[in-house]
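Below is one structure, written out as structure tokens, with a few remarks after it.
The values are calculated or read from the model by the stated rules, or taken from the named source; none is laboratory data. Keep in mind that what you see is a predicted model, and the values were worked out from it rather than measured. Here Cβ is always computed from backbone atoms with ideal geometry, including for glycine, and neighbour counts include all displayed protein chains.
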Amino acid sequence: MTGAVGPDPDPDQVPAAWSSVVDAVCDPERFVSASFSGARRGTRTAAEKVTVRPVELRTGRHLQVSTFDGRSTDVSNVAVDRAPTVVLELLSSGYATAYVKTLDGDLQLQHSRKGVPRIVRHRASTDEIDTSHDRAKPRLVEPDAPFLRAVGITDQRGVVKPSASAKYRQVERFVEILDHTLASVSDGAGHTAPVRAVDLGCGSGVLTLATHHHLSRIAPGSTMIGVDTKADLVAGLSATVTTLGWRDIEFRTGTIDGFEPDEPPDLVLALHACDTATDDALARAIRWRTRVVLAAPCCQHHLQAQLDRHHVPDGFEPMFRHGIVRERLGDLLTDTVRAEILRAHGYRTDVIEFVSTEHTAKNLMIRAVLVDEPDPDTLSAAAAAAERLAAVWGVRPALIERLDAGGRAGGS
Ligand SMILES: C[S@@+](CC[C@H](N)C(=O)[O-])C[C@H]1O[C@@H](n2cnc3c(N)ncnc32)[C@H](O)[C@@H]1O
């Protein structure tokens, strides 16, 4: 359930900071909720985030443990007397941060790069304990949000049109990923500072609007700029946000490469931007030292065209026999190199499924979060891995080219 491995932790070996977390979770009168996220250096946790809260069942008080694996949430209830074991299992399994809310105050557990835990205390962020069992999961984007009507996803009554249900699911899924990613860079209590966001290759702008809608709720004062080469789409979106009465959002006609924000953005989106437009966006984000990057690559023609049947690593020849396999190989190679290059520039990077393949084959998302103090060995290993992959396949990925034009491919 918690993704822990190995035997129960020895209570005599438990660091004092961990014991503070255990004590806070085990206090039936004061404990509100706890969340565990991030991975300590050199560990990989089984889930992206685990939250724990008390819940009142017919059989008495339990702890509800919700485990989010990046796609879906698995919920289980455990007896309160197992709370110490559950918490110690979670901490032993490698989570870097725990944030515990209690009525007396909040505790934030952090681990240094060397794995040393310490507690930071904050004022209480809540004054009530919610133990209801069927707490309705709040929707991140309610169907009656006016922007959904403006883009034709919902009708006048705020009901999702049958023809737009897949698009609505994509919006919800995207905002869920955005929300979790920003939570991982928030202050732990869920307070996110205003975000300067840009959406490069925003197209018809549904996800741009959804992002701004969400940011203005979780981080008031956030700004958004959507960029696209298509002047008609930009004009339409500018009219839409005027109608919605939204400020702090604008759309500009132009190329990703030529876009110059007044200040470097904190969040870069590049969602299904065509072919090497994704590389343009990633190269800009790396140069801007953008904190969070969400990129859903589209067609990867640039590298596919370079794959040459006369330059195939030994044993991989059959992958050139079938057009579709060769094409997918090009896609995966492109995105793997992109992910490694982001790592080489100090980003914690993962590749996740964006929307189900049932809706689109273009369903990968590269998610990258800038690490505060990246490990220099990781940077150089990732830069070397990207260069090696390119060399083995005899290709020159566009992102390496873009970064080479202004410096090295990796290892900042
Ligand atoms: C497939 S659409 C995706 C739109 C939107 N991001 C989404 O996910 O729904 C790709 C958009 O990227 C734009 N685009 C492609 N290359 C671009 C570039 N170099 N600079 C700016 N926009 C670009 C296209 O005009 C198009 O509107």
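Before moving on, here are some points about what is shown:
- Among the residues making up region 87-117, those that are on the phi < 0 side of the Ramachandran plot and out of contact with any strand residue (DSSP E or B) (no Cβ under 6 Å at 6 or more places or on another chain) are Val87, Leu88, Glu89, Leu91, Ser92, Ser93, Leu103, Asp104, Ser112, Arg113, Lys114, Val116.
- Hey, Gly226 surrounded by 17 or more Cβ atoms within 10 Å (Cβ to Cβ) and part of a loop (DSSP other than H, G, I, E, B) or not: no
- Criterion violated by Gln156 - all others in (1) out of contact with any Ser or Thr (no Cβ under 6 Å at 6 or more places or on another chain); (2) outside any helix (DSSP H, G or I); (3) within 16 Å of the ligand (Cβ to nearest atom); (4) of a type outside the set (D, E, K, R) satisfied: (3)
Conditions tested, residue by residue: (1) closer than 27 Å to Thr192 by Cβ; (2) at pLDDT 95 or above; (3) away from the ligand (no atom under 16 Å from the Cβ).
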residue	(1), (2), (3)
Pro264	yes, yes, yes
Ala283	yes, yes, no
Arg309	no, no, yes
Arg343	yes, yes, yes
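- Checked against (1) part of a helix (DSSP H, G or I); (2) surrounded by fewer than 18 Cβ atoms within 10 Å (Cβ to Cβ); (3) touching a His at 6+ places or on another chain (Cβ under 8 Å), Phe147 passes all but a single condition, namely (2).
- Residue list for region 29-49, filter: at pLDDT 90 or above and either in contact with a strand residue (DSSP E or B) (Cβ under 7 Å, 6 or more places away or on another chain) or under 29 Å from Asp372 (Cα atoms) (or both): Arg30, Phe31, Val32, Ser33, Ala34, Ser35, Phe36
- Here the condition is being outside the structural domain of Asp69 (by TED's automatic domain parsing), over 21 Å from the mean Cα position of the chain (by Cα) and assigned to a helix (DSSP H, G or I); of Ser216, Ser163, Ser204, it holds for Ser163 alone.
- Count of region 267-282 residues, restricted to those that are more than 15 Å from Asp331 (Cβ to Cβ), in contact with a helix residue (DSSP H, G or I) (Cβ under 9 Å, 6 or more places away or on another chain) and crowded, with 24+ Cβ neighbours inside 10 Å, is 6.
- Filtered by the rule that a residue be within 12 Å of the ligand (Cβ to nearest atom), buried (at least 17 other Cβ atoms within 10 Å of the Cβ) and farther than 14 Å from Ala197 by Cβ, region 236-262 gives Leu237, Ile256.
- Residue match in region 349-372 (condition: under 17 Å from Asp308 (Cβ atoms) and either at pLDDT below 90 or β-branched (Val, Ile, Thr) (or both)): no
- Among the conditions (1) in contact with a helix residue (DSSP H, G or I) (Cβ under 9 Å, 6 or more places away or on another chain); (2) modelled with pLDDT under 95, the only one that Ala189 does not satisfy is (1).
- Picking from residues in region 266-281 that are within 8 Å of the ligand (Cβ to nearest atom) and among the acidic types (Asp, Glu), the one that is modelled with the lowest pLDDT is Asp275.
- Qualifying residue in region 197-204 (condition: more than 10 Å from the ligand (Cβ to nearest atom), surrounded by 18 or more Cβ atoms within 10 Å (Cβ to Cβ), farther than 21 Å from Glu142 by Cα and not small (Gly, Ala, Ser)): yes
- Filtered residue count, region 160-186, keeping only those that are out of contact with any helix residue (DSSP H, G or I) (no Cβ under 9 Å at 6 or more places or on another chain), farther than 17 Å from Ser72 by Cα, modelled with pLDDT of 90 or more and not polar (S, T, N, Q): 1
- So Ala210, is it within 16 Å of the ligand (Cβ to nearest atom) and in contact with a strand residue (DSSP E or B) (Cβ under 7 Å, 6 or more places away or on another chain): no
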